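The values are calculated or read from the model by the stated rules, or taken from the named source; none is laboratory data. Only a predicted model underlies this, so the values are computations on that prediction, with no experimental measurement involved. We place every Cβ from the backbone using ideal geometry, glycine too, and count neighbours over all the protein chains shown.
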């Protein structure tokens with residue numbers, strides 16, 4: 001079984017077998033108010049243009065972002081698409097397969 005951090009750099013393929021890109025970032029939701037902080041993965045950022053190096057770029061440790069990091073993220077994430085975690089059918093062995101088509105994905 002692949003861990004979430006091992007998804008960075010894996011190839012993403014849509015339902016028709018069309019290559020979408022590489023996983024460049026993982027989006028998570030932080031659960032507040034619990035004794036131990038936990039996070040839930042809610043999607044992947046996929047790019048066909050960039051190398052897998054964007055992890056943790058846009059937020060600080062408290063989950064906040066400044067105007068500068070938001071502007072930088074718009075430039076760096078240009079051309080990236082968002083794949084919701086619910087749309088992932090299979091992952092491992094260097095590949096992620098999704099249940100939707102490439103043209104149905106939204107911009108990150």
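Here are the numbers for the structure shown:
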quantity: Residue tally, condition surrounded by fewer than 19 Cβ atoms within 10 Å (Cβ to Cβ) and under 16 Å from residue 17 (Cα atoms), over the range 76-89; calculated: 3
quantity: Candidates 21, 9 - the one that is closer than 17 Å to residue 77 by Cα, at pLDDT 90 or above and surrounded by 12 or more Cβ atoms within 10 Å (Cβ to Cβ); calculated: 21
quantity: Residues of the range 90-108 that turn out to be more than 17 Å from residue 8 (Cα to Cα), surrounded by fewer than 12 Cβ atoms within 10 Å (Cβ to Cβ) and either touching a residue at least 12 places away in the same chain (Cβ under 8 Å) or in contact with a strand residue (DSSP E or B) (Cβ under 7 Å, 6 or more places away or on another chain) (or both), as a count; calculated: 2
